[in-house]
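The values are calculated or read from the model by the stated rules, or taken from the named source; none is laboratory data. None of these values were measured; they are calculated from a predicted model. All Cβ positions, even for glycine, are placed from backbone atoms using ideal geometry, and neighbour counts span all protein chains on display. Each accessible area value is taken on the protein alone, full model and side chains, heavy atoms only, with ligands, DNA and RNA left out. Shrake-Rupley method; radii C 1.70, N 1.55, O 1.52, S 1.80 Å.
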Amino acid sequence: MSPKHDKRDATYNQLEAGTKQARPIQHQHAAEIQAYGKIAKLPIALDEKTGATSTENLNQLLADTITLRDMYKKHHWQVAGHTFYQLHLLFDKHHGEQDELVDQIAERIQLLGGISLAMAADVAETTMIPRPPRGREEAPVQISRLLEAHEMILKEARTMAKQASDAGDDGTNGLLVSDVIRTNELQVWFLAEHLVDVPLVRADQRKAATGGD
């Protein structure tokens, strides 16, 4: 080894000296501290059985809400047609609101002592919402898919809310009723009105005269 190389190593060692505690410890591995599906009970005056039931319900709802949220972003990017501007903005607004619900549901699961789903592969295995195609679809089809997903979430949220109420889990019931159900109901209204077949410019006077539907 050349003297020049030795000098370089010595200089590097001098620069490194005294930095041990400041250096990041990388490539760490260890066993999980809590397995999925297990409850680490917190002192919130709820028994483990109630926490486990609510956690299982909420993880299903979480997977479906994440899927709906991501479907909104897909449609936000891919929407086309004369309502592009309105739907582009509406889909993004609803995406943001669903994203807030995702965080609220996940935090409630953790508060109950459970483990919330997080990774895309786990969500894909769990969700009950049908997967849309990768390609681009017409706006009425996009809206129909979203409405069907909303209805699935609302059905399960109503059932879960009653279960939580009967079990005395008021926190989960409150989240489901005040946040999940009300947000999804409002979004359904904003979406569904886009599928009402009414004239854009000229009223249909023939239907008005005959009283036809």
> Where does the charge balance sit around Gly114 when Lys and Arg score +1, Asp and Glu -1, over other residues with C-beta under 13 Å from its C-beta?
Replying inline: 0
> If contacts are Cα pairs under 8 angstrom and at least 6 residues apart, what is the relative contact order of region 66-212 in percent?
Replying inline: 24 percent
> So, in nm, how far is label His27 from label Leu195 when the simple model puts each one 7 Å beyond its Cα toward the Cβ?
Replying inline: 5.5 nm
>> Suppose the chain between Arg202 and Gln110 were pulled fully straight at 0.36 nm per residue; how much longer would it get relative to their current alpha carbon spacing?
In response: 27.7 nm
>> What's the magnitude of the charge dipole for region 116-171 around its Cα centre, counting Lys and Arg as +1 and Asp and Glu as -1 at the beta-carbon? Answer in Debye, nearest 20.
In response: 260 debye
>> For the chain, take the longest principal axis of its alpha carbons; what is the angle in degrees between that and the long axis of helix 84-111, to the nearest 10 within 0 to 90?
In response: 50 degrees
> GluC sites (Glu not before Pro), restricted to region 81-178: which are DSSP loop and have at most 12 other Cβ atoms within 10 Å?
Replying inline: Glu138
> Under a 1.4 Å probe, what is the accessible area of the chain per residue, stated in Å²?
Replying inline: 67 Å²
> Based on the mean of other beta carbon atoms within 10 Å per residue, what is the order of 29-41, 158-170, most packed first?
Replying inline: 158-170, 29-41
> Taking only the alpha carbons of region 58-102, what extent do you get along each of the three principal axes, in Å, biggest first?
Replying inline: 38, 14, 10
> Semi-axes of the equivalent ellipsoid of region 1-139: what are they in whole Å, largest first, if each equals the square root of 5 times a C-alpha gyration tensor eigenvalue?
Replying inline: 44, 30, 13
> Which of the trypsin sites (Lys or Arg not before Pro) across region 107-151 are loop residues per DSSP, with 14 or fewer other Cβ within 10 Å?
Replying inline: Arg134, Arg136
> In µm²/s, what is D for region 67-206 at 4 °C and 1.567 mPa s, where D = kT/(6 pi eta Rh) by Stokes-Einstein and Rh is the Kirkwood radius from Cα pairs?
Replying inline: 78 µm²/s
> Between Met152, Val141, His94, whose Cα lies farthest towards the positive end of the dipole of region 89-155 when Lys and Arg beta carbons carry +1 and Asp and Glu beta carbons carry -1, centred on the Cα centre?
Replying inline: Val141
> In the calculated pair distance distribution of region 23-92, what percentage of Cα-Cα distances lie above 19 Å?
Replying inline: 63 percent
> To the nearest 20 debye, what charge dipole does region 133-213 have about its Cα centre, counting +1 at the Cβ of each Lys and Arg and -1 at the Cβ of each Asp and Glu?
Replying inline: 340 debye
>> Please compute, over every Cα-Cα pair in region 85-142, the percentage with a separation greater than 13 angstrom.
In response: 74 percent
>> Only four residue types carry charge here, +1 at the Cβ of Lys and Arg and -1 at the Cβ of Asp and Glu. Report the dipole size of the chain about the Cα centre in Debye, rounded to the nearest 20.
In response: 760 debye
> Given Asn57, Gly174, Val123, which one lies farthest toward the positive end of the charge dipole of the chain, if we put +1 on the Cβ of every Lys and Arg and -1 on the Cβ of every Asp and Glu?
Replying inline: Val123
